[in-house]
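> Below are the structure tokens for one structure; questions will follow.
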Amino acid sequence: MDEKFKKPYEPAETEARLYKAWEESGYFNPDNLPNATKGPFTIMMPPPNATGVLHMGHMLGCTIQDIMIRFRRLQGYEALFLPGTDHAAIATQARVEKDISKNEGKSRHDLGREELVRRIDEFVEGSRDTIRKQIRATGASCDWSREAFTFDEARNRAVNQMFKDMYDAGLIYKGLRIVNWDPKGQTTISDDEIVHEERPGKLYTFKYAKDFPITIATSRPETKVGDTAVAVHPNDPRYKEFIGNEYDLEFCGSPLHIKIVADESVEPEFGTGALGVTPAHAHIDWEIGERNNLPHPQVIDERAKIMVEGPLHGLKVAEAREKVVEWLKEQNLLESEVSITQNISTAERTGGVIEPLPKLQWFIDVNKPIKERGNKSLKELMLEPVRSGAINILPDHYDKTYYHWIENLRDWCISRQIWYGHRVPVWTRGEESVVGDAPAGDWKAEGWVQDEDTLDTWFSSGSWTFSTLGWPNEAPDLARFHPTDVLETAYEILFFWVARMILMSQFVLGEIPFRTVYLHGLVRDAQGRKFSKSLGNGIDPIEVINKFGADAARISLVIGNTPGTDMKLSEDRIKGYKHFANKLWNITRFILENTEDVDLEAPRTEADFTLEASFANLAADVTKDMEAYRLYLAADKLYQYAWSELASTIIEESKPILSGDDAAAAASRKAVLRALLKDLLILLHPFMPFVTEEIWQSLPETEGMLIVAQWPSA
RNA sequence: GCGGGCUUAGCUCAGUUGGUAGAGCACUCGAUUUACACUCGAAUGGUCGGGGGUUCAAGUCCCUCAGCCCGCACCA
């Protein structure tokens, strides 16, 4: 027996050594698996944002995925776990801009586009390196030879091709629409990047002018200088007689031309039953404006300041609001002022208050029938595979959430006014335009200009399952590994990302991107609070791994953690599983010490035959759990078996047998102990890869690495 | 407003197709030059949120009520 078993298990040294050995073995690459007979099994790692370091949620994801991958590899599949990182356009640019502003007092405009992008690239390079090290520390057995980045050259080709294909299919269009403008980030954001916040506000009820017949209510009086109509319900008896009338008035120093229009969307019961329509600065008003052919003058600019001439000019919206209210009071037009709680839209990344503005942006039409796809729309292409069960979402109830989201989906705004990211692949020269690839030759010299905007980061990560496999090139990997098997990610990004991947894969390949979506919950602190910088309650995965070992961290993230449910994690919990790793170590020590002269083929006693049979049942049971993604159950069963059954019961019973007079019984027991240990190591390997591999390589009867052993149950 | 989830031992949570209520931690008592620095055994602890129903049988299925949480939409 190796001397190392006389001391407690020491994870730190073991883990670094074994990860290196695995990498050098080539087994992380499915092309090198000697006994793979069952075809491919593929998981694309959700690329962590290149903005920083991994948190416990990433570690949870890596662990679950790696468990699935190692399980399938042991079963004989060509397991591919493809790693990568995400350039996370807005988040990354915001991060670097903040650093530059803090350290150098400069803005992005001081640096210029080229220099800023260069700085961000530099930052991202360092950040990606950190992330790579962290992923390795978790034990993730991913194929580094296929590593990808959402903003590298290969992915840029994919993005441009995707854009072109969608453009050619008439799905991508440029249009003047009311968009979510983030004055803080100075960019458009999509509907999904908005977070609603409750704040106290006031509802003002007033008339535009003394001789105006209808009273309206609003919480944003400052926008009223942009009003072009008052909308009422067509059947509202109070206002029926005014419909169609037009009025010229003066409002707070600005001339207004107001038309009374009828629109079904107006609720007669709310406020006065009459809505002042500001088409340029509210989504609903924009739609009313479209239906009634109203002009939509913009009165608020990109810095959230009033842009009309007059006393309000140049004021921030909050200042302008006070001024308008003051004016209303002076003119005796204000009928009431009531305190309300209102929901404010803010930008997820920057916290800026969203200002709806009309802007010329690129959109993806989600309702247009697509000829090449049987006249189905993108919405239908997203719904269909989930409805039919071709894509199975775990936990099941999330499919309802998914349908609900798609049914409410509007056209996807994909252009962003930031500098870091895939630039919109459209070049223009006068009336001419080219989409997809830059015009041949020195296009700049020939007067071509590329669109200034960049693309929403989810546009590039949407093609992750196949851009990573070589698309749009004819790539053998694409045919071999796509559709992928499992997409494992946080339930938070079901819409952001999972839905977009389904959209893109369905559109461009006509196939699903993955068969199973496994959604994990949030990792919270021991009190159930979210990890946050301000609370300082974060648990750093690397610290935990150094302290307790990756195996302990992995299994503590899995046991008792069902898909879709948040979990509470404490150091005590992880400590308990460090003890478990050591328990396996000591089980091995006992068995090796007492079975040096083992004959592995010794005839079994009846009792020992039963032990092996019940282990076989356990293995079958665990296999079923793994295949049904009940990892939490499989892990718990193995833990119980190893500790209560093998260690506390079987080994205790073995002591008298091994030292007793019955040589046949002793020989049988020795063989059985060795057999049970060996197979238990295989079953536990996906969960605790390091300690099991380390023990495996110390068993005299094993050859080669555990990572490519054979799973003991069909 | 629409949708979803949770409520099981002091704490954290499992409980997969309905079939004798479980684990870890904590607590109490005991064992022990012991494979175990991180050990073992035993004990304590549950009207499975309340009520109703289906069933031979319900923590599990159905209805209903309550509390907590989350997502989406949003009122101008």
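The values are calculated or read from the model by the stated rules, or taken from the named source; none is laboratory data. As the structure is a prediction and not an experimental result, all values here were calculated from the model. Cβ: placed from backbone, ideal geometry, glycine included. Neighbour counts: every protein chain shown. Note: areas computed on protein heavy atoms with side chains; ligands, DNA, RNA excluded. Shrake-Rupley method; radii C 1.70, N 1.55, O 1.52, S 1.80 Å.
> Give the lysines reachable from A:Lys379 as a straight Cα distance under 29 Å; neighbours fewer than 8 places away on the same chain don't count.
Filter leaves A:Lys164, A:Lys174, A:Lys359, A:Lys368, A:Lys371, A:Lys400.
> Pull out a ≥ b ≥ c, the square roots of the eigenvalues of the alpha-carbon gyration tensor of segment A:423-534, then state rounded if a/c is under 1.5, prolate if not and a/b is larger than b/c, and oblate in the remaining case.
Here segment A:423-534 falls in the oblate category.
> Which lysines does A:Lys624 reach when only Cα atoms under 24 Å apart count, and residues fewer than 8 places away in its own chain are ignored?
A:Lys38, A:Lys637, A:Lys678
> Please work out how much length the chain gains when fully extended from A:Glu122 to A:Glu571, using 0.36 nm per residue of separation minus the C-alpha to C-alpha distance, in nm with one decimal. Display every interim value, and only then the final one.
Numbers: separation 449, 0.36 × 449 = 161.64 nm, distance 3.50 nm.
Between A:Glu122 and A:Glu571, full extension yields 158.1 nm more.
> Need the full-extension length gain, A:Lys210 to A:Lys106, defined as separation in residues times 0.36 nm minus the C-alpha distance. One decimal, nm.
Using 0.36 nm per residue and subtracting the Cα-Cα distance, I get 32.4 nm.
> When ranked by the protection proxy of mean other Cβ atoms within 10 Å per residue, highest first, what sequence do the peptides A:543-549, A:445-451 form?
A:543-549, A:445-451
> Can you pull the one-decimal nm distance between simple spin-label points at A:Glu322 and A:Met307, each 7 Å off the Cα toward Cβ?
With each label point 7 Å from Cα toward Cβ, the separation is 2.5 nm.
> Ok, one more. Using per-residue counts of other Cβ atoms within 10 Å, averaged over each peptide, order A:454-462, A:92-100 from highest down.
A:454-462, A:92-100
> Now for a separate question. With the cut-off at 30 Å, tell me which of the pairs A:Lys20/A:Lys655; A:Lys4/A:Lys133; A:Lys20/A:Lys547 have Cα atoms farther apart than that.
A:Lys20/A:Lys655
> Let me ask something additional. In sequence order, what are the phi-derived ³J(HN,Hα) couplings for segment A:150-167 according to the Karplus relation 6.51 cos²θ - 1.76 cosθ + 1.60 with θ = phi - 60°, rounded to whole Hz, with x for glycine and proline?
5, 10, 9, 5, 4, 6, 5, 4, 5, 4, 5, 5, 4, 4, 5, 4, 6, 5
> Taking the solvent-accessible surface of protein heavy atoms with a 1.4 Å probe, what is the per residue accessible area of segment A:295-375 in Å²?
I get 55 Å² per residue for this part.
> Using a 1.4 Å probe over the heavy atoms of the protein chains, calculate the carbon and sulfur portion of the accessible area of segment A:395-512 as a whole percent.
50
> In sequence order, what are the phi-derived ³J(HN,Hα) couplings for segment A:598-606 according to the Karplus relation 6.51 cos²θ - 1.76 cosθ + 1.60 with θ = phi - 60°, rounded to whole Hz, with x for glycine and proline?
5, 10, 4, 9, 3, x, 8, 6, 4
> Hey, another quick one. Rule-of-thumb check for chain A: C-alpha Rg over 2.2 N^0.38 Å?
In units of the 2.2 N^0.38 Å rule of thumb, it is 1.18.
> Moving to a separate point now. Can you give the FRET efficiency for A:Phe609 and A:Ala21, using 1/(1 + (r/R0)^6), R0 = 51 Å, r = Cβ-Cβ distance, to the nearest 0.05? The partial results should precede the final answer.
Numbers: r = 36 Å, r/R0 = 0.72.
It comes out at approximately 0.90.
> Here is a follow-up. On a straight-distance basis, which lysines could pair with A:Lys329 in a cross-link, Cα separation under 23 angstrom, same-chain partners fewer than 8 positions away excluded?
A:Lys202, A:Lys207, A:Lys210, A:Lys224, A:Lys305, A:Lys316
> At what distance in nm do the modelled label points of A:Arg387 and A:Ile194 sit from each other, each positioned 7 Å from its Cα along Cα→Cβ?
2.7
> Just to confirm a number: summing +1 for Lys and Arg and -1 for Asp and Glu over residues other than A:Lys6 whose beta-carbon lies under 10 angstrom from that of A:Lys6, what do you get?
Neighbourhood net charge equals 0.
> Considering amide H positions built from the backbone, and no H for Pro or chain starts, which residues 5 or more places from A:Ile344, or on another chain, come under 5 Å of its amide H?
A:Glu197, A:Glu198, A:Arg199
> So for each of A:596-603, A:581-588, A:559-566 I average, over its residues, the number of other beta carbons within 10 Å; can you give me the resulting order with the highest mean first?
Ranked from most to least packed, the peptides come out as A:581-588, A:559-566, A:596-603.
> Right, something else. For the Cα atoms of chain A, what angle does the longest principal axis make with the long axis of helix A:56-75, in degrees from 0 to 90, nearest 10?
50
> List every residue whose amide H lies under 5 Å from the amide H of A:Phe41, counting only residues 5 or more places away in sequence or on a different chain, with H placed 1.01 Å from N in the peptide plane.
A:Glu78, A:Ala79, A:Leu80
> In the structure shown, do any of A:Lys98/A:Lys530; A:Lys102/A:Lys533; A:Lys7/A:Lys568 have a Cα-Cα gap over 26 Å, and if so which?
A:Lys7/A:Lys568
> OK, next. Keeping all protein chains in the complex and leaving out DNA, RNA and ligands, what accessible area do you get for A:Arg630 with a 1.4 Å probe, in Å² to the nearest 10?
Here the accessible area works out near 80 Å².
> How far, in degrees from 0 to 90, does helix A:11-25 lean away from the longest principal axis of the Cα atoms of chain A, to the nearest 10?
That helix lies at roughly 90 degrees to the long axis.
> Right, here's the next one. Tilt of helix A:113-137 relative to the longest C-alpha principal axis of chain A, in degrees (0 to 90, nearest 10)?
30
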